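The values are calculated or read from the model by the stated rules, or taken from the named source; none is laboratory data. Worth saying up front: this structure is predicted, and the values here are computed from it rather than measured. FYI the Cβ positions are ideal-geometry reconstructions off the backbone, even for glycines, and counts take in every protein chain you see.
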Amino acid sequence: MSNRGFRGGSTARGGRGGGDFRGRGRGGFQHRDAGPPDTVLEMGTFVHAVEDEMLCSSLLVDKVPKFNSAIYLQNKSVIGKIDEILGPINEVYFSVKMGEGMVASSFKKGDKVYIGGDQLLPLERFLPKPKMAGKVEKTLADYNSSLDGQEDVRPEILGYLDEENRVILEHAPDSE
């Protein structure tokens, strides 16, 4: 009689069973530090130190940095990573969690900080989408034209867009 379980592990008393994974991992995202980018863009200026981090104001009016993006000096040496993004959309600030050997209080007000161009998102991504009022009307018109001369089986249903561009269907008031 064998003491091996379904997957090759021991089923003997005290054994754990299972096993035989043969080094297969769980997969998923594996982050590798690719080093500094070929070119860096002027991202912002140092405002002041806050605890062990630095607070900076953004100089880019049409881009927003990604969280955890590396922040560099002009010579591409790493200062740290973006920790938080703060402020209104037209006056963006960000905090930088300092890297090893870096001290926030060693920077002076106005010192420039840099970022890799691939670590920026367009500002439009954070702005509200324009309303598309014609979208529902077109959808309802398409529905009506799809009837091919048949009578609408649900003429009492009306549709419109709410403030968040969700389609709202309601019963039409009785017209007697």
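Worth a mention:
- Which listed residue is surrounded by 13 or more Cβ atoms within 10 Å (Cβ to Cβ) and modelled with pLDDT under 95, from V136, V96, V113: V136
To keep it simple, each residue is scored yes or no on (1) part of a helix (DSSP H, G or I); (2) more than 27 Å from G35 (Cβ to Cβ); (3) out of contact with any Lys or Arg (no Cβ under 8 Å at 6 or more places or on another chain).
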{"site": "C56", "(1), (2), (3)": "no, no, yes"}
{"site": "V64", "(1), (2), (3)": "no, no, no"}
{"site": "F67", "(1), (2), (3)": "no, no, yes"}
{"site": "K76", "(1), (2), (3)": "no, no, yes"}
{"site": "I82", "(1), (2), (3)": "no, no, no"}
{"site": "I85", "(1), (2), (3)": "no, no, yes"}
{"site": "S95", "(1), (2), (3)": "no, no, yes"}
{"site": "V113", "(1), (2), (3)": "no, no, yes"}
{"site": "P128", "(1), (2), (3)": "no, yes, yes"}
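- Residue that is surrounded by the fewest Cβ atoms within 10 Å (Cβ to Cβ), among those in the range 51-64 that are at pLDDT below 95 and farther than 21 Å from P128 by Cβ: E51
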